[in-house]
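Below is one structure, written out as structure tokens; the observations come after it.
The values are calculated or read from the model by the stated rules, or taken from the named source; none is laboratory data. Source: prediction; values computed, not measured. Positions of Cβ are backbone-derived with ideal geometry, glycine not excepted, and every protein chain shown enters the neighbour counts. Heads up: the accessible areas ignore ligands, DNA and RNA and are worked out on the full protein's heavy atoms, side chains in. Shrake-Rupley method; radii C 1.70, N 1.55, O 1.52, S 1.80 Å.
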Amino acid sequence: MLFQRLTNTNKVSSWKEAEYLDLSNNSLFSSLYLRAFLQQMPNLKRIDLDGNYLTEVVEDLFASNPVLEFLNFLNNRVTAVPEMLFSNNPELEVVWFSGNKLTALPQNLFQENRNLLFVDFSRNFIKKMPRYLFRSNFFLDEVSLTELQELIFLKVHFEANTMERVCRDQFRTNPNLRIVSLVGNGELPELIERAYCSGFKFCYSYGGGPISVLLALLNVYGDSCYQL
């Protein structure tokens, strides 16, 4: 389902059987109207909301979408993400939240999303990553997310934020992690502020190194984060 030139969804007809909803590049500003609309489509697997004017996100925005797998929230104006936003989305795999105005992330944001594969929080104002943000994603499924080659990996993107710290044991519970990018966070130690890859030749062109190098550096430069 594709919609254009919308400021809200209160008069838009829904389709209960829809699996894909594209609301990109509209002028949506209220997640309250949006919530009522999404409640009528329980079978949605993908939702695109990029390029709107959303500033806030209600906690139960996706509570009626239990099979949601892919969420695109790029380039809005969201300032905060509720901790229970994805609590009823056990199939969630991909989350794009880059290009917003987030300053922090809640500790348990992905607690119920064991299938999580890809997260992108680039181009926000996040200062630190919660120590246990990805603690519940130990059994991450693997999926091909590139057309360059048939490879499988989990990506974590936190480029161009204002991060000042990364916890020493941040990624130790994620054995399938292949790519972490902390590029553009000038407050981090220079050796950490880069992209780290494992098993992908093309990643080295960005000046990165394998995940094992990142973990070693975090042992030296990472914050213990015990107070969090």
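Applying the set (1) under 26 Å from Thr162 (Cα atoms); (2) in a loop (DSSP other than H, G, I, E, B); (3) of a type in the set (Val, Ile, Thr) to Val119 leaves exactly one unmet item: (2). Whenever a residue of region 13-25 is assigned to a loop (DSSP other than H, G, I, E, B), its partners that are among the β-branched types (Val, Ile, Thr), lying with C-beta atoms within less than 8 angstrom and at least six residues away or across chains, give the pairs Leu23/Thr9; Leu23/Ile47. What number of residues within region 50-89 satisfy the criterion of being open to solvent by less than 20 Å² (accessible area, probe 1.4 Å), of a type in the set (A, V, I, L, M) and out of contact with any Asp or Glu (no Cβ under 9 Å at 6 or more places or on another chain)? Adding up the residues that qualify gives 4.
Criterion applied to Arg114, Arg5 was being modelled with pLDDT under 95, open to solvent by 20 Å² or more (accessible area, probe 1.4 Å) and within 15 Å of the chain's Cα centre (by Cα), and the one residue passing it is Arg114. All conditions but one from (1) in contact with an Asp or Glu (Cβ under 9 Å, 6 or more places away or on another chain); (2) open to solvent by 60 Å² or more (accessible area, probe 1.4 Å); (3) farther than 17 Å from His157 by Cβ apply to Gln107; the one that does not is (2). Among the residues of region 26-40, write down those that are part of a loop (DSSP other than H, G, I, E, B) and surrounded by fewer than 19 Cβ atoms within 10 Å (Cβ to Cβ). Once the filter is applied, which keeps residues that are part of a loop (DSSP other than H, G, I, E, B) and surrounded by fewer than 19 Cβ atoms within 10 Å (Cβ to Cβ), region 26-40 yields Ser27, Phe29, Ser30, Gln39, Gln40. On the stretch given as region 153-193, residues that are of a type in the set (Ser, Thr, Tyr) and either open to solvent by 40 Å² or more (accessible area, probe 1.4 Å) or more than 17 Å from Phe121 (Cβ to Cβ) (or both) total 2.
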